[in-house]
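Notes for the one structure printed next.
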Amino acid sequence: MSSARTPVRPLGTGEDSERRVSSPFLSSSRSLLQPADSRRQESAAGSTGNVNVQILAAIKSLQEQVADLQAKSTQPAASSIEQCAVSKKAPKELLTSIHSVVRHLRERLDAPMQWDTSSGFSSPENMRVTSEIVTACVNEKYPASVVQKATKKYFTTLKRRSRLQTNNKLPDARKKQRRLQRKHHKLQNCKVALSGSTTLTQEQKEKFSSILRIEYMSSEESAEESGEDEHMGERLKVLLIHTLPWRNPSVNEMFQSLDRKSARKRTSRAAEMCRKRCRASATEPSSPSGFTAKPPPSCPAWAKVSDC
């Protein structure tokens, strides 16, 4: 007796499959799951897009920085010559070279040459000397135009020095120059002390830095102290400080504070070499040359006394 077998249908086919697909439960489940999946895909796509935008922005920023660095690295070689040409003060290296050549031409045994300061710079004799100097000093860093300008300035200095010496005014001129150099040195020390001060606010620093100029510096001249050195038995050399009479007392106090700050930062060796300073009395009969009795026109009201 043979038994009839029911044929097995593959899973997911036929009517049962259709009923399972059309089941309300599965339909609702799919309807709930489908939006979540799409949202995750959209979120992942959005985050990937943001990352790509950030990477591109970072690459662009780096490219701009590299371009700026390349431009700055090539600019000094071209601008150094232009700066020398327009600068009022020649580079120290060039001045040293010019002085050395001038000394060599003057002291050489065969056909010595030197400028004639009684004549002009463009005189034939002086131009021959200038040509020798320019030829010896020209290089890739300093072209002929820059050397020519520095050489002419040095000639003018020598001519002025010769004229002062002829008129017996060279000692006074040297004293005036030393006073001016001390003013510049003091001004630089005040700027460093002000920038490094921790007791002043940024607003106070900006306010006081507006008058840190050479015309606001007190003048210092050499004088001899009344006492004598116990060890050397000589009269001590000191610098007599002439405080500007038109400066506001608060400005005077600020300058003195900066002087103290600067003195505290000196090394022991620098302190030993520094000359002693004392302030001149208000009734000091004489004032050094270049002493500013009146404030500059641009002086702010808070920096001067009310009657100036």
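Each value in this text was obtained by applying a stated rule to the coordinates, not by laboratory testing. These numbers come from a predicted model, not from an experiment. Here the Cβ positions follow ideal geometry from the backbone for every residue, glycine too, while neighbour counts run over all protein chains shown.
Around the amide H of Arg279, modelled in the peptide plane, lie the amide H atoms of Ile241, all under 5 Å away and 5 or more residues distant in sequence or on another chain.
3J(HN,Hα) along segment 245-261: x, 8, 6, 5, x, 5, 5, 4, 5, 5, 4, 5, 5, 5, 5, 5, 4 Hz, from the Karplus curve 6.51 cos²θ - 1.76 cosθ + 1.60 with θ = phi - 60°, whole Hz, x for Gly and Pro.
Loop-located GluC sites (Glu not before Pro) in segment 92-140 (DSSP state other than H, G, I, E, B) with a sparse environment of at most 15 neighbouring Cβ atoms within 10 Å: Glu140. Between Ala270 and Leu69, the C-beta separation translates, for a Förster distance of 45 Å, into a calculated FRET efficiency of about 0.70. Residues of segment 239-266 with the amide nitrogen closer than 13 Å to a label point 7 Å from the Cα of Thr199, along Cα-to-Cβ, please. Counting backbone N atoms under 13 Å from the label point, the list is 253-264. Here the extension length gained between Lys191 and Ser210 equals 5.8 nm, from 0.36 nm per residue of separation less the Cα-Cα distance. Would you tally the net charge around Met113, using a Cβ to Cβ cut-off of less than 12 Å, leaving Met113 out, and scoring K and R as +1, D and E as -1? Charge balance in the 12 Å sphere: -1. Electrostatic bookkeeping for Lys304 treats Lys and Arg as +1 and Asp and Glu as -1; over the other residues with beta carbon under 11 Å from its beta carbon, the sum is +1.
Oblate is the label for segment 125-193, because a/c, from the alpha-carbon gyration tensor with a ≥ b ≥ c as root eigenvalues, is 1.5 or above and a/b does not exceed b/c.
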